[in-house]
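Visitor: Here it is: the structure, laid out below.
Read-outs: derived from the displayed coordinates by stated rules, not from any lab. Nothing here was measured: the structure is a model prediction, and the numbers come from that model. For neighbour counting, all protein chains shown are included, and Cβ atoms are generated from backbone atoms with ideal geometry for every residue, glycine included.
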Amino acid sequence: MFAVVAVLGYFKIDLSAKVLSFFLTCELVFLVVYDIAVLAQGGAEGITFDSLQPNEIFSGSVGIALMFALGLYGGFEATVIFRDEVRDPAKTIPRATYAVIALLAGLYGLTAWVFVNSYGPQAVIAAVTENPTGSATASVKEYIGTFAYDIAALLLLTSCFALVLASHNITSRYAFNLSADRILHRSLSRVHGKHLSPHRASIAMSIVCLIGLGTVVVANIDESLLYGRLAGLYAYTFLILLLMVALAIVVYLLRHRAPGESVVPAVLTAVSSIVVAIVLYLATTNFDLLTGATGGVAVAMLTVIYGVVLAGMVMAWIYRRNRPDVYARIGRDEVSAEVSDGTTCAH
């Protein structure tokens, strides 16, 4: 998987996009087939909307539910990082971003409701409690058959591959952009002469990942523990990212508001900031549940997280004070990136 991702990441994003589109289409078709099968067979106790009642929605720990729900959307924000590789980023990027959010919201909501009906509103809690990792595939086997159960297992593996490939491409583009902004060494912003891909940034990410993967293997770290903590860590830092960006948007809208222009966008963004701040607070108070880390390990993880955030803020302040030219480039709309043959390419 590592070798295939490293090779695909080296070439133009179109190739990776085709591979990802194929696997995504297979997964979407499978979920739709599952939803139709459960609905057509009437579920376990008939199709009901009990799980959508307010008393059910707000039962249990709403804060923890929000915490995990926001974490599930991680990735939609990365669409903007591909702006250098689309013809009309002003139109394509916003459309792709909203499309991803709409697709996830619709599919998550529909399939979750169908899954509840596959066991029945009263039995579903017991089912997921007794078998938290296998209850979903067991439902697939019950309503579509053993063959579909095997397909689900295969799609689980291909989705892992797709996730690694997407993550590699996203991280490579972040490195490329930071290099183009002159935060990282400028060699990482080189563009391949033929494929027009950030090949050097991709190679750098492959090397970093190989070192990390090798460390995990040599140290023989428990994979379940590692997955749980890294997934929780990702969700938590994603909340920090959302909050900081939301606050920045509020400040930007207020500073650049024209005379007589509505303040509604700024107010709505401020409200969203408050919601994310509440969820981040709940995630912090439930950090052990989110990551499985307790005691000194949890404190160490939080220290590293906020240490990185603080380091980034300090670096920005230093650049703004001592290197205003570099600071002004951060988040640029256009940049002339050097192609591997020595020429330049406007992005």
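Visitor: Just going by the charge dipole of the chain, with Lys and Arg at +1 and Asp and Glu at -1 on Cβ, which of TYR73, ILE330, ILE47 is farthest out on the positive end?
Guide: So the residue furthest toward the plus end is ILE330.
Visitor: With n ≥ 4 as the cut-off for DSSP H runs, can you work out [θ] at 222 nm for the chain, using -39500 (n - 2.57) per run divided by the number of residues, rounded to the nearest 500?
Guide: The helix contribution divided over the chain gives -24000 deg cm²/dmol.
Visitor: Cα centroid distance between the stretch 37-93 and the stretch 223-287, in Å?
Guide: When both Cα centres are located, 17 Å separates them.
Visitor: Further question: Let me confirm the definition first: pairs of Lys residues in the stretch 2-220, 8 or more apart or on different chains, C-alpha distance under 24 Å. How many are there?
Guide: Number of lysine pairs found: 4.
Visitor: Going by average Cβ neighbours within 10 Å, how do the peptides 167-173, 106-112 rank, with the highest at the top?
Guide: Packing order, densest peptide first, comes out as 167-173, 106-112.
Visitor: State log₁₀ I(q)/I(0) for the stretch 120-232 at q = 0.18, 0.21 Å⁻¹ as given by the Debye formula over alpha-carbon point scatterers of equal weight, solvent excluded.
Guide: One equal scatterer on each Cα of the stretch 120-232 leads to -1.01, -1.16.
Visitor: Taking only Cα atoms of the chain, what ratio of Rg to Rh do you get with Rh as the Kirkwood inverse-distance radius?
Guide: Here the Rg-to-Rh quotient is 0.98.
Visitor: Kirkwood hydrodynamic radius (Cα pairs, Å) of the stretch 70-142?
Guide: So the Kirkwood estimate lands at 14.7 Å.
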